[in-house]
Amino acid sequence: MRPKTLLSVLMVSLIFSFSSAQSMKLTPRPPIYGIPAKTLPQGHWIFRGYAVFPHFTQMLNSKTGKMMDLPDGTDFTSNSYTIKIRYGILNRLTAILNIPYAHKRLSTPKIEITGDGLGDVVGALLYKFYVNKPHSFLISGLLFTKSPTGKADDGNLKATEMPLGTGSFDAGLALLPEWEFGKWDMRWSAFYIMRGQNKQSVDLGDMTSFSWSTAYNFNRNIIAEGTLLYKTIAKDDANPQYHLFQFIPGIQYRIKRTFLVQLVFPLTIDAKMKFSANYENWFGLYYLF
């Protein structure tokens, strides 16, 4: 299905389904993809783990500036396993810690390059600064940093080693509105990430990201969600500007009230990146304590 056709079907389905929304309150109702705007009650924890399995099929042609299929005999996977920990410092303030483990493998007819180990760790503070309880609408702000804990390309990697991080200390902020009505959840996000220089003093370019998620609660146990994600990475005149546009469907099943299983399948609609995957597989577990 062509990207324009896919988006048209998605929008028509959403508009049609809105007309049949019913009043229903389900808790907790966590997002399947992305960061929730809800903060945790003071002293509460959330533990979430997920695995991502992208299989890259395209790469950027530096001469034409367009994406091309990977050469015959070339295979590139970059799997990651992430632990996400959230803690309610105050009712309106939540601390977040993301700890990733990466496994990368790039093979060509001439060489195989791999990497295994800790990736770049992310720490964040989520603050809920506006809430309208009668209409179940709230807005939160996110302040976060990324530390260069993953092994990076510093000029000393072995010929068979792949970097596991960018080698830069990044910081950013985000605005996260969220609205629940009946069986529907609507979430938006706007991110700006200030990326520093890597260990080889290369400017990686600041990143801007926007997303819109719509979730439908079929019943107490099953939630389906669709997200549109667009992000760009700014570069100077000597380097290309990257972008990524994805449609991200997902489904969530509640095993117990606070224990959920999540499956997500990001589909790439358009991309201009060093490497791109047509789709990814995400598997996640979510536990509220």
Notebook entry, point to check: Which of the residues that make up segment 218-258 are polar (S, T, N, Q), within 15 Å of the chain's Cα centre (by Cα) and under 19 Å from residue 288 (Cβ atoms)?
Noted result: none
Check: When residues of segment 114-157 are filtered for being without any contact (Cβ under 8 Å) to a residue 60 or more places away in the chain and either over 24 Å from residue 196 (Cα atoms) or acidic (Asp, Glu) (or both), how many remain?
Finding: 14
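Conditions tested, residue by residue: (1) aromatic (Phe, Trp, Tyr); (2) in contact with a Lys or Arg (Cβ under 7 Å, 6 or more places away or on another chain); (3) closer than 26 Å to residue 51 by Cβ; (4) modelled with pLDDT of 90 or more.
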residue: 188; (1), (2), (3), (4): yes, no, no, yes
residue: 191; (1), (2), (3), (4): yes, no, yes, yes
residue: 203; (1), (2), (3), (4): no, no, no, no
residue: 208; (1), (2), (3), (4): no, yes, no, yes
residue: 216; (1), (2), (3), (4): yes, yes, yes, yes
residue: 230; (1), (2), (3), (4): yes, no, yes, yes
residue: 234; (1), (2), (3), (4): no, no, no, no
residue: 237; (1), (2), (3), (4): no, no, no, no
residue: 252; (1), (2), (3), (4): no, no, yes, yes
Notebook entry, point to check: So which residues in segment 162-174 are assigned to a strand (DSSP E or B) and either surrounded by fewer than 19 Cβ atoms within 10 Å (Cβ to Cβ) or in contact (Cβ under 8 Å) with a residue 60 or more places away in the chain (or both)?
Noted result: 171, 173, 174
Checklist line | Residues of segment 182-212 classified as among the aliphatic types (A, V, I, L, M) and without any contact (Cβ under 8 Å) to a residue 12 or more places away in the chain, total | finding: 1
Next item on the list: Taking only segment 159-178 into account, find how many residues are charged (D, E, K, R) and touching a Pro at 6+ places or on another chain (Cβ under 8 Å).
Entry: 1
Margin query: Can you pull out every residue in segment 241-262 that is among the aliphatic types (A, V, I, L, M) and in contact (Cβ under 8 Å) with a residue 60 or more places away in the chain?
Written below: 248, 251, 260
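The values are calculated or read from the model by the stated rules, or taken from the named source; none is laboratory data. The model shown is predicted, which means the values in this text are computed figures rather than measured ones. No Cβ is skipped: glycine too gets one built from the backbone with ideal geometry, and neighbour counts run over all protein chains shown.
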